[in-house]
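Here the structure comes first, spelled out in structure tokens, and everything after it is commentary.
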Amino acid sequence: MIGIGIIGAGGISRAHANGYMQLSDLAEIVAVADIDYDRARSAANQWGVKHAFSDYQQMLKLDQIDAISVCTYTKAHSQPSIDALHAGKHVLVEKPMAATADEAIQMAKASSQSNKILMVGMKWRFMPEVLAAKAFIDNSKLGDIYYAEAIGWQHRGIPGRTFIQKETAGGGAFMDNGVYTLDTVLYLMNHPKPVSVAGSSANIFGHSTDGNWDPDQFNVEDFGTALVRFEGGITLFFAHSWAINFREQWQMRIAGNRGSAEIYPFSNPKLRLMHGGYNDLTEFTPADLPEGSIDINYEIKQFVNAIENELSSPIPADTFLYTNLIFDAIYQSTDLGREVKVDIPDFL
Ligand SMILES: NC(=O)c1ccc[n+]([C@@H]2O[C@H](COP(=O)([O-])OP(=O)(O)OC[C@H]3O[C@@H](n4cnc5c(N)ncnc54)[C@H](O)[C@@H]3O)[C@@H](O)[C@H]2O)c1
């Protein structure tokens, strides 16, 4: 039986708890920790869990715990993940991996030093359309990839609470939703190395008193765009907004000289795969998609399965951290008003 500890007992922890409870023959939640002890205790009572802590370090001392779900707000992802890995526990950390590239790099290092799984909870990696596109691309159906788009225009999607403060969320629309499209596109392209970024991020609606958030607390971006250059001359256009006066539109598109992959996660058709030449480009979207799901239960199942069968991380930290490198570069480019270089850590 795999013993589970959950750090952070807020909104998303319930989905993690539910995922483990669905796997009761393989995993058991042993403890919950939250800096707000009452929240930890109440979650533990609700889930029938024995131990509740206000200090996760106490929880990490429990030998019955083999693995940890880090469900804290983003600014508190890195330290608990690093401490858990050093305590010999496997870690499933919520998306985004971390608030900064530095934090993400330290997490990836802790995972390789401890030889424990560090998986980032990015459920879109298991979306059937993403899996179909990945197989198509890995089969060289796009030829040479030269351009990609990761776009999420939300019409009215500004959240509240811990999501709108840099001190807890690390950033705004990029950390909350930009990470979904950016990571998916980087994954589909097999993680080309980013070289430079010209980007811009801004707080457009956050200052407004029209919303159901506190404008005085809102200090993150709700909008941003970037052009990312990669090795090999590939470019990627990234754009995300929590609120824009366009209709809602999300898309992840990759173009090669012999084909393309397009995913529209919230509209139909969701997937379009093309292959061929200039005069005979043909649609190859499969009628039957591979098995997969964006349900968090499915993600939890992959984590537990990897531990059970001593597999490597289903969503490894050393690939995921490219999202943090690019977000850092967009913030830096915004501050400097020019294109900036992306520094890739030596171990990548
Ligand atoms: N995968 C998804 O679909 C999905 C959905 C929502 C949120 N998320 C991610 O999950 C994370 C948490 O989101 P949420 O909505 O649950 O946030 P939340 O603010 O509701 O909960 C975070 C909890 O972490 C606790 N916490 C903070 N620092 C801690 C520490 N050092 N030790 C113990 N507890 C600590 C807080 O007290 C709070 O209870 C975010 O990173 C977010 O991006 C993912």
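The values are calculated or read from the model by the stated rules, or taken from the named source; none is laboratory data. Worth saying up front: this structure is predicted, and the values here are computed from it rather than measured. As a convention, Cβ positions derive from the backbone with ideal geometry for all residues, glycine included, and neighbour counts pool all protein chains shown.
Need the failing condition index for residue 173 against (1) under 20 Å from residue 332 (Cβ atoms); (2) among the hydrophobic types (A, V, I, L, M, F, W, C); (3) touching a Leu at 6+ places or on another chain (Cβ under 8 Å), just the number.
Result: residue 173 fails condition (3) only.
Working only within segment 294-319, note down all residues that are among the small types (Gly, Ala, Ser) and surrounded by 14 or more Cβ atoms within 10 Å (Cβ to Cβ). If you could, list the steps in order and put the result at the bottom.
If we filter segment 294-319 for residues that are among the small types (Gly, Ala, Ser), which is where we start, we get 306, 312-313, 317.
Result: 306, 313, 317.
Taking the condition of being touching a Gly at 6+ places or on another chain (Cβ under 6 Å) and in a loop (DSSP other than H, G, I, E, B), how many residues in segment 244-280 meet it?
Total meeting the criteria: 2.
Could you say which residue among 31, 108 is small (Gly, Ala, Ser), under 22 Å from residue 184 (Cα atoms) and more than 11 Å from the ligand (Cβ to nearest atom)? So that I can check it myself, show each step before the final result.
Numbers: 31 fails: under 22 Å from residue 184 (Cα atoms).
Of the residues listed, the single one that is small (Gly, Ala, Ser), under 22 Å from residue 184 (Cα atoms) and more than 11 Å from the ligand (Cβ to nearest atom) is 108.
Going through 253, 258 one at a time, which residue ends up being touching an Asp or Glu at 6+ places or on another chain (Cβ under 6 Å) and either assigned by TED's automatic domain parsing to the domain that holds residue 187 or in contact (Cβ under 8 Å) with a residue 60 or more places away in the chain (or both)? Step through it out loud before you land on a result.
Numbers: 258 fails: touching an Asp or Glu at 6+ places or on another chain (Cβ under 6 Å).
Residue meeting the stated conditions: 253.
Does residue 288 meet the test of being more than 30 Å from residue 106 (Cβ to Cβ) and in a loop (DSSP other than H, G, I, E, B)?
Numbers: more than 30 Å from residue 106 (Cβ to Cβ): yes; in a loop (DSSP other than H, G, I, E, B): yes.
In short, yes.
Take the residues of segment 81-132 that are in the same structural domain as residue 33 (by TED's automatic domain parsing), assigned to a helix (DSSP H, G or I) and touching a strand residue (DSSP E or B) at 6+ places or on another chain (Cβ under 8 Å): which is surrounded by the fewest Cβ atoms within 10 Å (Cβ to Cβ)?
Per the criteria, the residue is 110.
Given (1) surrounded by fewer than 24 Cβ atoms within 10 Å (Cβ to Cβ); (2) closer than 23 Å to residue 180 by Cβ; (3) more than 9 Å from the ligand (Cβ to nearest atom), identify the lone condition not met by residue 52.
(2)
Scan segment 11-20 and tell me whether some residue there is small (Gly, Ala, Ser), at pLDDT 95 or above and more than 13 Å from the ligand (Cβ to nearest atom).
no
For the list (1) in a helix (DSSP H, G or I); (2) of a type outside the set (A, V, I, L, M, F, W, C); (3) surrounded by fewer than 24 Cβ atoms within 10 Å (Cβ to Cβ), I need the number of the one condition that residue 176 fails.
(3)
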